[in-house]
Structure formats: structure tokens, C-alpha cells
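Heads up, the thing below is written out as C-alpha cells.
What follows is calculated from the coordinates using simple rules that are stated; it is not laboratory data. Since the structure is predicted, the reported quantities are computational estimates derived from the model, not experimental observations. Heads up, the Cβs are rebuilt from the backbone with ideal geometry, glycines too, and the neighbour counts pull from every protein chain shown.
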Amino acid sequence: HELGHLFVQSIFGQFPRSIRFYPFGAVTNFSMGLAQTSKFSEELLTRVAGPVVTIGIMNLVSFFLGSATGIGASLLEQLYHFNGLVLLFSLLPIFPLDMFPVVLKALRTTKQPSKLSFTISQWLAVFILVLAIFQRDELIMLFSATLLLLTVKEQLYQRAYVMAQKLTVREVMSRPSELFCLQHGDRVEKHFEEIVRTYQPYIPVVHGSRYVGIVSRDEAIQLMVDGDDHYVSEAFEPRPLQVQVSTPLAEVLELLTKEHRDFAIVLKEEAFEGLITKEKISEFLLISHLVEQAKHASSAVDIDNDF
């Protein structure tokens, strides 16, 4: 199924960013989305290629099933039904399945296409999950519950991304005064207690106000366990991401996600300004979102009181 997507997309000179495998199948993360490209036909063919391959597999299994007996027949029958399930879900407009971007494109003329598409996806996943619970179908329960979680996660990410476009790194980063830092030339054993007590997963190493490197807390502890006297430079993280203090937060969030990193060093030209982590960005955006919701709720109460 996933190779069908890959084959057709490669014909158009595009390749997926990733293919993630789950217990029930896999999800291809395409390099371009229907909502961002005018080449609707190419995207549509790429999306449909997976279900077409699944139909081919089902026909092939059905052909061999006719002459199979015993355990072989039982396994082929299970394979046939499993692919039938994959085909059914592929045709449903649930994120991140194949037909979701098609619905997103179809709703592009509405006021809030993304919000409407995700609402449809979420309620459809809930409906199938409830149906599976009543039918006691564990496989579909697992499938629909995973899809529901992915939909909710993506919705939160989309909202966070919109909020992050209004902010820069400066508003969210941890400043040097808030961080436990090591000086270049220090030995790990000298700061044994501070390293063990700190909750920071990464510890910046500076020379005055200039950034030199960063060490993982776990790596520093491992060096201390070895028993030798080590310089902090021996535990430097290789090629950490670096961003400027004025970088838009949305850009940093996208970069961290793309590079599969948890943190980035914040600089002002070459001077060390602080550290920004994916976890802190998520917490900040979540709190900001809750505060914004509270303000809207407060405004609604004021309006009700006026009436």
C-alpha cells in the first residue's frame, strides 16, 4: 500500500518525508500537501495509488485462496480481510489517511477548511471507535483510537503553529540567568552535585558570554561514572541547532520537528542568549491557548450579563 504511494509520487519527482509503521499498517508523510499545491491531479493520483495497490493485493490473495487448504487458507483469509479493512479506512476522510487531504481541498472555499476537516475527522474516528466497542472488534478499536489521537495531536499542533507565528524565540527561551551553565575548561567532577541535582536535560557551556558548546546531562553523568577526571568538552553534543534570538517561534518549531531535535541554542550574533526546548515551546503555547480561551469565556459572560 505504502509502496504504491511511493512509486507514483516518485514518477512526479516527489518523495515522502517519512513512512511510519504502526501495528495496523503505515502512514506516509508526503512532501507536499493538497492544500499547498495547485497540482491537484498529481496529489490525487498519489493518494489513490495506495488503495489501488491494496485492491490488487486482495485480488491476488483471492486467486490463491481458491486452491488453498488448512492453515494456508486461514492465513490467506485473514490477509484478505485485513487488506479489506485497510482499503475501507483509506477511503475515509480521517487524518492522516489518504482521503483526508481530498476533503481538505474540497472544503477550501469554506470559511475555515482546516478546522472543518479536522472536526469531520475527529467525529468520524469517535463514531468508528464507539461502533468497534459495541462490536467488540479489538483491531478496529486500536485502529480508530490511534487515528483519533493523531487527529487531536495534529489539531493542537496546527493551533500552536498559528499562535507561534505571532511570537519570536525571545518570548519563550530560557535565559542564562535561569539556566545552569558550565564554563569552558571546567572538569565534570568539579560540578558533580550541580549536574546531578539539575533538571536540565542539556547544559550550555560558555566562555564569558560566548557560547562554546552544550553537553547532555546524561552524558556528563556517564563520564562521572567512568571514574576519570574529564573535561566538559568531552561530552559536547555534535552539531546542535542554533537560532537567532529574533527568529519567529513558528520557524523554530518547524525546524525542531523537521530535524527531530529537542532543543536549539539561542544566539544574538555570537553571544549566548539562552536555550529553547520543544517541551518549553509546547508548554508556553498550551498555557497561552488556555489563557486565550479563558479570555473568550470571560467576554462571553460579560455579554450575557449585559443582556
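Some notes on this structure:
- Charge context of SER246, other residues only, Cβ under 12 angstrom, K/R +1, D/E -1: -2
- Note on the stretch 139-205: along the principal axes its Cα atoms extend 55, 36, 16 Å, ordered by decreasing extent.
- Once the Cα-Cα distance is subtracted from the 0.36 nm per residue extended length, the PHE40 to PHE12 segment shows a gain of 8.9 nm.
- Each Lys or Arg adds one and each Asp or Glu takes one away; over the other residues whose Cβ falls under 13 Å from the Cβ of SER10, this sums to -2.
- A straight Cα-to-Cα reach below 23 Å connects LYS153 with the lysines LYS105, LYS111, LYS115, LYS166, LYS258, LYS278, LYS280, residues fewer than 8 places away in its own chain not being considered.
- Listed by chain and number, the lysines whose alpha-carbon sits under 25 Å from that of LYS190, ignoring those within fewer than 8 places in the same chain, form an empty set.
- Extension gain for LEU241-ILE221 works out to 4.9 nm (0.36 nm per residue, less the C-alpha to C-alpha distance).
- Approximate spin-label separation ARG197-PHE127, in nm, with each point projected 7 Å along Cα-to-Cβ: 5.8
- Inverse of mean 1/r across different Cα pairs in the stretch 169-280, Kirkwood, Å: 14.3
- Computed extension length for PHE63-LEU79: 4.5 nm, one decimal, from 0.36 nm per residue of separation with the Cα-Cα distance subtracted.
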